[in-house]
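The values are calculated or read from the model by the stated rules, or taken from the named source; none is laboratory data. The shown structure was predicted, so the numbers you read here are calculated from the model rather than taken from an experiment. We place every Cβ from the backbone using ideal geometry, glycine too, and count neighbours over all the protein chains shown. Keep in mind that these areas ignore ligands, DNA and RNA; they rest on the heavy atoms of the full protein, side chains included. Shrake-Rupley method; radii C 1.70, N 1.55, O 1.52, S 1.80 Å.
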Amino acid sequence: MRDVLQTEELEVPEGVTIEIKSRVIKVTGTRGTLTKNVRHVDMDIRVLKTKKSSKVTLAVWQGGRKHVACLRTIRSLINNMVIGVTKGFLYKMRAVYAHFPINAIIQDSGNAIEIRNFLGEKTVRHVKMLGGVCISESKAQKDELILEGNDIENVSQSAASIQGACRVRNKDIRKFLDGIYVSDRTTILQE
């Protein structure tokens with residue numbers, strides 16, 4: 001069944017400006033600027049500005065079930081952009097090994113990582129970070145990597161690429177639990 005009109009709203013916090021032009025969303029905050037093109041989704045996206053605050057309204061006219069579901073998706077996407085330009089995203093990853101210690105070397109001043117001695121293999125694995133993502137070694141914890149950035153998609157995809165590079169192959173994965181796994185997802189600036 002089609003709904004005549006479905007809407008979602010998102011309050012914009014102070015210090016964040018949102019510009020929307022032909023479904024290209026540009027969010028600017030203290031940490032920088034993020035842009036996202038959502039032209040593939042057919043919906044009305046508007047910024048309503050009042051004297052005190054501003055909010056983003058999303059509307060779908062005559063939408064089916066799947067089309068209406070896009071409302072919440074785009075709302076969450078804009079909300080993640082707002083969090084990214086105000087607080088930033090931080091992912092922590094831990095190297096787990098039973099016998100052969102995994103050696104993670106950060107290169108290009110935090111833009112790439114080289115993984116050596118995974119399961120005692122001689123192969124060297126290289127993973128490049130996506131745009132705006134910086135990787136560093138934790139000072140407090142041994143075998144911990146910290147990924148920081150404003151765009152949640154780039155930070156999480158970089159973490160997934162590191163985890164995917166350390167997949168155990170041709171062995172029983174219930175027994176061989178070695179790898180580099182995401183241990184914590186949080187923001188850079190804590191409340």
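Structure above, values below:
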read-out: Residue that is farthest from Thr28 (Cα to Cα) [pool: residues in region 108-124 that are open to solvent by less than 60 Å² (accessible area, probe 1.4 Å) and under 25 Å from the mean Cα position of the chain (by Cα)]; value: Ile115
read-out: Which numbered condition Leu130 misses (of (1) out of contact with any helix residue (DSSP H, G or I) (no Cβ under 8 Å at 6 or more places or on another chain); (2) open to solvent by 50 Å² or more (accessible area, probe 1.4 Å); (3) of a type in the set (A, V, I, L, M)); value: (1)
read-out: Residue tally, condition closer than 24 Å to Ile152 by Cβ and of a type in the set (Lys, Arg), over region 10-68; value: 9
read-out: Residue selected from region 159-184 under the condition among the small types (Gly, Ala, Ser) and touching a residue at least 40 places away in the same chain (Cβ under 8 Å), by the criterion most open to solvent (accessible area, probe 1.4 Å); value: Ser183
read-out: Count of region 113-149 residues which are among the β-branched types (Val, Ile, Thr) and in contact (Cβ under 8 Å) with a residue 60 or more places away in the chain; value: 1
read-out: Of all residues making up region 5-36, the number that are among the hydrophobic types (A, V, I, L, M, F, W, C), farther than 14 Å from Thr57 by Cα and touching a residue at least 40 places away in the same chain (Cβ under 8 Å); value: 3
read-out: Residue in region 77-96 that is open to solvent by 40 Å² or more (accessible area, probe 1.4 Å), among the aromatic types (Phe, Trp, Tyr), within 30 Å of His126 (Cβ to Cβ) and out of contact with any Lys or Arg (no Cβ under 7 Å at 6 or more places or on another chain) present; value: no
read-out: Residue that is most open to solvent (accessible area, probe 1.4 Å), among those in region 133-158 that are farther than 30 Å from Ile25 by Cβ and in contact with an Asp or Glu (Cβ under 8 Å, 6 or more places away or on another chain); value: Glu137
read-out: Check on Ala95, more than 21 Å from the chain's Cα centre (by Cα) and not in a helix (DSSP H, G or I); value: no
read-out: Condition met for Ala59 (open to solvent by less than 60 Å² (accessible area, probe 1.4 Å) and in a helix (DSSP H, G or I)); value: no
read-out: Filter result (of a type in the set (S, T, N, Q) and farther than 29 Å from Thr35 by Cβ) within region 126-178; value: Ser138, Gln141, Asn170
